[in-house]
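The next block holds one structure in the form of C-alpha cells; read it before the comments.
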Amino acid sequence: DAGVIQSPRHEVTEMGQEVTLRCKPISGHDYLFWYRQTMMRGLELLIYFNNNVPIDDSGMPEDRFSAKMPNASFSTLKIQPSEPRDSAVYFCASSPGGAHQPQHFGDGTRLSIL
Amino acid sequence: KNQVEQSPQSLIILEGKNCTLQCNYTVSPFSNLRWYKQDTGRGPVSLTIMTFSENTKSNGRYTATLDADTKQSSLHITASQLSDSASYICVVSDGGATNKLIFGTGTLLAVQP
C-alpha cells in the first residue's frame, strides 16, 4: 500500500516567495492533517480536514498560511509571502474515521526560507 | 493547560539492553494515548494506541503502559537493536470535538553497538 506522499521533500527559497507544499493521503482515509515540526516546539497541528472540509484551522499561524483540499486525494499548504521563521519540516498525515485510529504520516517537506 | 511531558530528553544505551521512556500528561478530557517512533528524516510511525480502559499494550519488543489515575505512561523497549535509534513521541488525544492530538517533544534514543 502506498503511504502518504508529500512533495517536494526539500524546498529552499528566498524570503518573500510563495511556497506550495503538496500531499496525497492514503486512499479511503477521511481525515487529513497538516503539521509543522521544529526543534523548539516539536510537532504542532496547523489544520485538519474531514471529507475535504476544513474543520479546525486554529493552529494556522497567520494569514500568510492557507490550505486547501480540492478532492479526497490531494491537499496543498501554501505560504505567501514566506519568512525565515517559517523554516521547519511540514508533515501531512491521514487517518480513517474513528477516535482511536492511528494517523499515518508522510515523510515531510523540509522547508528552508533564506 | 493541556501538556505532555517526556523524560528523559535523550538516552544512550548499548545494543541488547532494555530501556524505559516516561510520559506525563495533564490533558483533559482524555481519549487515548499514543506512542510514535520517528526515524531521522522520516515521519512519525504509530507504535501503540491505548484508551482509558487499557493499561498495557505491546507491539513486538515495544510495550506501553498507561496509568490513567496518575496520568502517566511508559514505553519499554526490550533487547534493543540499532534500528531502535529514533525519537519516541508520546501523544495524547483530548477526545474533544476535534479529537485534537497534543504532542510531547520526544525522547531521542541512541542505541550503540
Matching strands (runs of 3 or more DSSP E) fully within the range A:18-114 where at least 2 residues are at pLDDT 95 or above and at the interface with chain B (Cβ under 10 Å from one of its Cβ atoms): A:31-38, A:88-95
Residue match in the range A:104-113 (condition: of a type in the set (Phe, Trp, Tyr), crowded, with 17+ Cβ neighbours inside 10 Å and in contact with a Pro (Cβ under 6 Å, 6 or more places away or on another chain)): yes
Residue, nearest to the other protein chains (Cβ to nearest Cβ), within the range B:78-113, restricted to residues that are more than 17 Å from B:THR40 (Cβ to Cβ) and outside any loop (DSSP other than H, G, I, E, B): B:PHE103
Some residue of the range B:38-48 being surrounded by fewer than 19 Cβ atoms within 10 Å (Cβ to Cβ) and over 23 Å from A:ASP107 (Cβ atoms): no
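The values are calculated or read from the model by the stated rules, or taken from the named source; none is laboratory data. All values derive from a computational prediction rather than experimental measurement. So basically every Cβ, Gly included, is an ideal-geometry build from the backbone, and we count neighbours across all protein chains shown.
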